[in-house]
Amino acid sequence: MRGRLTRWFPVLTLLAVSGALAQVDSIEGFEDPELNARYRDLIHTIRCMQCQNQSIAESPSVIAAGLRREVRSMMAEGRTNGEIRDYLASRYGDFINFLPPWRPSTWLLWIAPALLMLGGGLVFARVLRARMRQPMEDLE
């Protein structure tokens, strides 16, 4: 009897621990629906440092689980979303936010898409204008 129990003990321990961790780290954070909605919105705007293209809400990594627990505990302490984002940015850098803050060091991130679209539009308009000036015989 003891040999059987010894053989299954690691498996049973692993199942018990994983079940406990799954309960502690569920995406549902709070019983209050308003606070839970705020928690869900916030964890969808924080980038997983390991996955980098997923939010901590979507990521299955251990790092994301730790960040979710950290965000949940800070919200339980009464911190605002801005305070939580500032704390995480001071600890992990601005890269942790999917929307980086508007600072001189990040202006290019915010302005670059508009500049690229404007540049592409100007190139397109110039090519179109040059094509319209050509006689029809040259196009064939």
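Mind listing whichever residues of segment 72-95 are crowded, with 17+ Cβ neighbours inside 10 Å and over 26 Å from W110 (Cα atoms)? Within segment 72-95, R72, M74, M75 meet the criteria. Restricting the search to helices (runs of 4 or more DSSP H) fully inside segment 62-140 and requiring at least 3 residues that are among the small types (G, A, S) and in contact (Cβ under 8 Å) with a residue 24 or more places away in the chain gives an empty result. If the condition is being within 16 Å of the chain's Cα centre (by Cα), small (G, A, S) and at pLDDT 90 or above, then segment 70-103 contributes G82, A89. The listed residues are R47, R38, R72, and the only one of them that is under 15 Å from A89 (Cβ atoms) and of a type in the set (D, E, K, R) turns out to be R47.
The values are calculated or read from the model by the stated rules, or taken from the named source; none is laboratory data. The model shown is predicted, which means the values in this text are computed figures rather than measured ones. Because the Cβ atoms are built from the backbone with ideal geometry, glycine has one as well, and the counts that use them run over all protein chains shown.
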